[in-house]
Amino acid sequence: MMRRSKILQKLRTGETASCFKVNLKDTQSVEIAAISGFDCVWVDLEHIGQDWSVIASHVWATKAHDTDLMVRVPRGAYSDYIKPLELDATGIMVPHIMSAADAKKVIHTVRFHPQGKRPIDGGNADGAYTAMDFNTYLETANRERFVVLQIEDPEPLDELEEIAQLEGFDMLFFGPGDFSQGIGAPGQWDHPLLLETRKRVAEVARENGKFAGTVGSPANLQELLDMGYDFVSVGADVVGLTNYCRDTAKAFGTSTGNKGKSYLEQ
């Protein structure tokens, strides 16, 4: 049988869920995050050139520790959307949803009948290599594999309620980085429109029976939970590694009396 989604189990019972983003290709990074107790690990194909064998290894590493794996897919052909699911990733996140029509097209591509017309194989990991009953495979995939639509541009805001009312996806995910650029205020995290939209995405998602996700940090986690977000990605391997290396390099310079600046401090 197909492994049940830990994220969906928690969110459907009113709990919150944690996520950790991994940019590095080494699967050990994914396994460390899973061992540490995160509910979900997020890996990326939109910005990172990982091949499918790497994604498959990430799936195995998370499943071994009963942790979900979410793959952010590139905007491309239908194969780009469904291959992570066929490798048995627990969910996918589709970036830059620009309209209700765009969202409908994505849902049609990634969900089986009756929600969509996802191409059927069943001979891959998610179908237990054809060992699952055909209709059970379709039903379980629609129920236990989550689809996240990312709102990170101003363009879809006029149709946000219409998008949230669509059947066949599970979560709206607000992306502040690209949104700040889209409104002409890159990196201005306290911009009024960004703050307003972050709050609105959570409200609209919950009002329409969808989960709300975003990125955050331990410092603003409680604020996001109070706002209505129930899925928060609160860290990343590259952030942790960079901060650790920078702090260690600074400590070394202080201990040795080195007054020069390393390139990490420029």
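The values are calculated or read from the model by the stated rules, or taken from the named source; none is laboratory data. All values reported here derive from a predicted model rather than from experimental measurement. Using ideal geometry, Cβ is built from the backbone for each residue, glycine included, and neighbour counts are taken over all protein chains shown. Heavy atoms of the whole protein, side chains included, go into the accessibility calculation; ligands, DNA and RNA do not. Shrake-Rupley method; radii C 1.70, N 1.55, O 1.52, S 1.80 Å.
Here are a few things to note about the model shown:
- Only beta bridges with both residues in the stretch 6-254 are counted; by DSSP, about 0 percent of them are antiparallel.
- Whole-number accessible area per residue in Å² for the stretch 107-266, which is evaluated in the context of all protein chains at 1.4 Å: 52 Å²
- Figure note: Cys245, Cys19 ranked by solvent-accessible area, largest first, 1.4 Å probe, ligands and nucleic acids not counted: Cys245, Cys19.
- For Glu152, the residues whose amide H sits under 5 Å from its own are His96, Ile97, Gly175, ignoring neighbours fewer than 5 places away on the same chain, with H placed 1.01 Å from N.
- Within the accessible area of the chain, the carbon and sulfur atoms contribute 52%, probe 1.4 Å, all protein chains present.
- Taking amide H as placed 1.01 Å from N in the peptide plane, Ser18 has its amide H under 5 Å from the amide H of Asp39, Cys40, each at least 5 places away in sequence or on another chain.
- Total formal charge among the other residues, if their Cβ is under 14 angstrom from that of Ala185, Lys/Arg +1 and Asp/Glu -1: -4
- Angle between the chain longest axis and helix 100-110 axis [Cα atoms, degrees, rounded to 10]: 70 degrees
- At a Cβ-Cβ separation cutoff of 4.7 angstrom, cysteine residues of the chain with no neighbouring cysteine are Cys245.
- Crossing angle, helix 134-144 versus the chain [Cα axis fit, 0-90 degrees, rounded to tens]: 40 degrees
- Between the stretch 63-96 and the stretch 144-174, the Cα center-to-center distance that results, in Å: 16 Å
- Against the main long axis of the alpha-carbon atoms of the chain, helix 237-256 sits at an angle near 10°.
- Within-9-Å neighbourhood charge of Glu86 [Cβ basis; K, R +1; D, E -1]: -2
- Net charge, Glu167 excluded, C-beta distance under 11 Å - Lys, Arg +1, Asp, Glu -1: +2
- Ranking by accessible area, most exposed first, for Phe252, Phe211 with a 1.4 Å probe: Phe252, Phe211
- Whole-Hz ³J(HN,Hα) from phi, Karplus 6.51 cos²θ - 1.76 cosθ + 1.60, for the stretch 204-219, glycine and proline x: 5, 4, 5, 5, 10, x, 10, 7, 10, x, 6, 9, x, 8, x, 5
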